[in-house]
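Below is one structure, written out as structure tokens; comments come after it.
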2 protein chains.
Amino acid sequence: MSNLKERILKDGQVFPNNVLKVDSFLNHQIDPTVVKEIATEIHKHFADRGITKVFTIEASGIAPAILVAAAFEVPMLFAKKSVPSTMHGADKYVTKVHSYTKDITSDVIISQQYLNEDDVVLIIDDFLANGEASIGLIDLVKQAGAKVAGVGICIEKTFQPGRQRLEEAGAEVYSICRIASLEDGQVTFAEGN
Amino acid sequence: MSNLKERILKDGQVFPNNVLKVDSFLNHQIDPTVVKEIATEIHKHFADRGITKVFTIEASGIAPAILVAAAFEVPMLFAKKSVPSTMHGADKYVTKVHSYTKDITSDVIISQQYLNEDDVVLIIDDFLANGEASIGLIDLVKQAGAKVAGVGICIEKTFQPGRQRLEEAGAEVYSICRIASLEDGQVTFAEGN
């Protein structure tokens, strides 16, 4: 069993509405041992795809993404949820991402100069549930004319439609840990995982 | 010369009001080679201080902080600028941080359970200018009764008062790269750096 699954069973907390809290090792406090193992596995899976860039969204995606980028020895780019002062006037790609937990839709932005048609992009995120964030990142990659090599996920909730939406968008999804159910406060992993 | 200084000279852009844009390798797109070298140097400097936790603030601090935490083999904690759904009801430490570039003061939050009086904390941030973010993080460490071992910074602007404020708060500051001036659009490094 991976470090990540062990830690989910030991330290994960299940909240109402299928929320899994992993603040003690992935989302607020981060255990570098867990994230390095995730990065190593994702690198191994996508090693032969010619990845030129790792792409995520602030803030929780950054820690796994920089370790994945270090494994591939390519730059990591993170999309921003607001426009910093240094990006005013720069050409941007913009997409909209809906947050189900906060029930708001926000613009998500990158500078145009860091993605182009020569890039082969690996998208990284901490969670895959409804797939909103990853769909938004795929849209930004497509606006840049770049190619999506796949989506690497730390924790997937297989009972929500994220994977189906990403696959319908043409992206291969690889998840380190797949959760089939959080019913009755219990974590049940998907079979074959 | 360090990778970081070379990249600042090669790819950094100076904007009005002493803004140094390093979006191509540190703040938006991140070069893992540069950040790993930063983490290695900061680890070497603070190696014998008994660090138990690395602490930063979202979002730009996360990439250097997770690599520093990996070098120390301790957890990394990042302070949040808003309260996520999984933190509602949890006991929090809260401080206020002023952003000079955005001219707003915001609450910055951590869950109480991830810092305590046994912790020896190394604070990491990408920039040190007026010191607002690091002062806020020091305040959170002190609220938890933990000890500040020091502050590790990627890029310090020595012509702004950040270092003095942190030292007056009792924290040792170690910066990988110290910039003495950005006048006339030119980067001038501090002597002895």
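Within the range B:102-118, the residues that satisfy the criterion of being part of a loop (DSSP other than H, G, I, E, B) and at pLDDT 95 or above are B:LEU115, B:ASN116, B:GLU117, B:ASP118. Taking the listed residues B:VAL151, B:VAL187, the one that is in contact with a helix residue (DSSP H, G or I) (Cβ under 7 Å, 6 or more places away or on another chain), surrounded by fewer than 20 Cβ atoms within 10 Å (Cβ to Cβ) and closer than 19 Å to B:GLU37 by Cβ is B:VAL187, with no other qualifying.
For the range A:9-30, the condition holds for no residue, the condition being that it is farther than 15 Å from A:VAL187 by Cα, among the basic types (Lys, Arg) and at pLDDT 95 or above.
From B:ILE30, B:ILE8, B:ILE62, B:ILE42, grab the single residue that is in contact with a Ser or Thr (Cβ under 8 Å, 6 or more places away or on another chain) and β-branched (Val, Ile, Thr).
Details: B:ILE30 fails: in contact with a Ser or Thr (Cβ under 8 Å, 6 or more places away or on another chain); B:ILE8 fails: in contact with a Ser or Thr (Cβ under 8 Å, 6 or more places away or on another chain); B:ILE42 fails: in contact with a Ser or Thr (Cβ under 8 Å, 6 or more places away or on another chain).
Within the list B:ILE30, B:ILE8, B:ILE62, B:ILE42, the selection yields B:ILE62.
Residues that are more than 12 Å from chain A (Cβ to nearest Cβ) and touching a residue at least 60 places away in the same chain (Cβ under 8 Å) were ranked within the range B:108-120; the one that is nearest to B:ALA65 (Cα to Cα) is B:VAL120. Checked against (1) assigned to a helix (DSSP H, G or I); (2) out of contact with any Lys or Arg (no Cβ under 8 Å at 6 or more places or on another chain); (3) within 20 Å of A:ALA79 (Cα to Cα); (4) among the β-branched types (Val, Ile, Thr), B:VAL34 passes all but a single condition, namely (2).
I need a count of the residues in the range B:160-171 that are surrounded by 15 or more Cβ atoms within 10 Å (Cβ to Cβ) and part of a loop (DSSP other than H, G, I, E, B).
3
Only one of A:LEU77, A:LEU67 is of a type in the set (A, V, I, L, M), assigned to a strand (DSSP E or B) and facing chain B (nearest Cβ under 9 Å). Can you tell me which? Of the residues listed, the single one that is of a type in the set (A, V, I, L, M), assigned to a strand (DSSP E or B) and facing chain B (nearest Cβ under 9 Å) is A:LEU77.
When you scan the range A:82-91, do you find a residue that is without any contact (Cβ under 8 Å) to a residue 24 or more places away in the chain, within 18 Å of the chain's Cα centre (by Cα) and closer than 14 Å to B:GLN29 by Cβ, even just one? Looking for residues that are without any contact (Cβ under 8 Å) to a residue 24 or more places away in the chain, within 18 Å of the chain's Cα centre (by Cα) and closer than 14 Å to B:GLN29 by Cβ, one finds none in the range A:82-91, hence no.
Give me a count of the residues in the range A:122-140 that are crowded, with 23+ Cβ neighbours inside 10 Å, more than 24 Å from A:THR40 (Cβ to Cβ) and out of contact with any Lys or Arg (no Cβ under 6 Å at 6 or more places or on another chain). Count: 1. Checking A:GLY50, A:GLY89 one by one, the residue that is at pLDDT below 95, more than 8 Å from chain B (Cβ to nearest Cβ), part of a loop (DSSP other than H, G, I, E, B) and surrounded by fewer than 18 Cβ atoms within 10 Å (Cβ to Cβ) is A:GLY89 and no other.
Taking every residue in the range A:8-25 that is more than 9 Å from chain B (Cβ to nearest Cβ) and pairing it with any residue that is part of a strand (DSSP E or B), at least 6 positions away or on another chain, the pairs with Cβ-Cβ distances below 7 Å are A:ILE8/A:CYS177; A:GLY12/A:LEU20; A:GLY12/A:LYS21; A:VAL14/A:LEU20; A:ASN18/A:LYS157. Within the range B:1-43, which residues are over 20 Å from A:LEU67 (Cβ atoms) and of a type in the set (Asp, Glu)? Hits for the range B:1-43 are B:GLU6, B:ASP11, B:ASP23. Among the residues of the range A:153-189, those that are of a type outside the set (D, E, K, R) and on the phi > 0 side of the Ramachandran plot comprise A:GLY170, A:GLY185. A:SER82 is checked against (1) closer than 17 Å to B:GLU58 by Cβ; (2) more than 7 Å from chain B (Cβ to nearest Cβ); (3) touching a Phe, Trp or Tyr at 6+ places or on another chain (Cβ under 8 Å) and fails just one. What number does that condition carry? Only one criterion in (1) closer than 17 Å to B:GLU58 by Cβ; (2) more than 7 Å from chain B (Cβ to nearest Cβ); (3) touching a Phe, Trp or Tyr at 6+ places or on another chain (Cβ under 8 Å) is unmet by A:SER82, namely (3). Hey, could you check the range B:26-47 for residues that are within 15 Å of the chain's Cα centre (by Cα), within 24 Å of B:TYR114 (Cα to Cα) and away from chain A (no Cβ under 13 Å) and say which is surrounded by the most Cβ atoms within 10 Å (Cβ to Cβ)? Out of the qualifying residues, it is B:ILE42. Residues of the range A:45-64 that are of a type in the set (Asp, Glu) and closer than 17 Å to A:VAL97 by Cα: A:GLU58 alone.
Restrict the check to the range A:111-119 and report whether at least one residue is surrounded by fewer than 21 Cβ atoms within 10 Å (Cβ to Cβ), in contact with an Asp or Glu (Cβ under 9 Å, 6 or more places away or on another chain) and of a type outside the set (Ser, Thr, Tyr). Scanning the range A:111-119, I find at least one residue that is surrounded by fewer than 21 Cβ atoms within 10 Å (Cβ to Cβ), in contact with an Asp or Glu (Cβ under 9 Å, 6 or more places away or on another chain) and of a type outside the set (Ser, Thr, Tyr), so the answer is yes.
Those residues that are touching a residue at least 24 places away in the same chain (Cβ under 8 Å), over 22 Å from A:GLU73 (Cα atoms) and out of contact with any Gly (no Cβ under 8 Å at 6 or more places or on another chain), I need them from the range B:48-75; list them, please.
We begin by selecting, within the range B:48-75, every residue touching a residue at least 24 places away in the same chain (Cβ under 8 Å); these are B:49-57, B:60-61, B:63-65, B:67-68, B:70-72, B:75.
From what is left, the residues that are over 22 Å from A:GLU73 (Cα atoms) are B:49-57, B:75.
The answer is B:GLY50, B:ILE51, B:THR52, B:LYS53, B:VAL54, B:PHE55, B:THR56, B:PRO75.
The values are calculated or read from the model by the stated rules, or taken from the named source; none is laboratory data. Note that this is a predicted model, so its numbers are computed, not measured. All Cβ positions, even for glycine, are placed from backbone atoms using ideal geometry, and neighbour counts span all protein chains on display.
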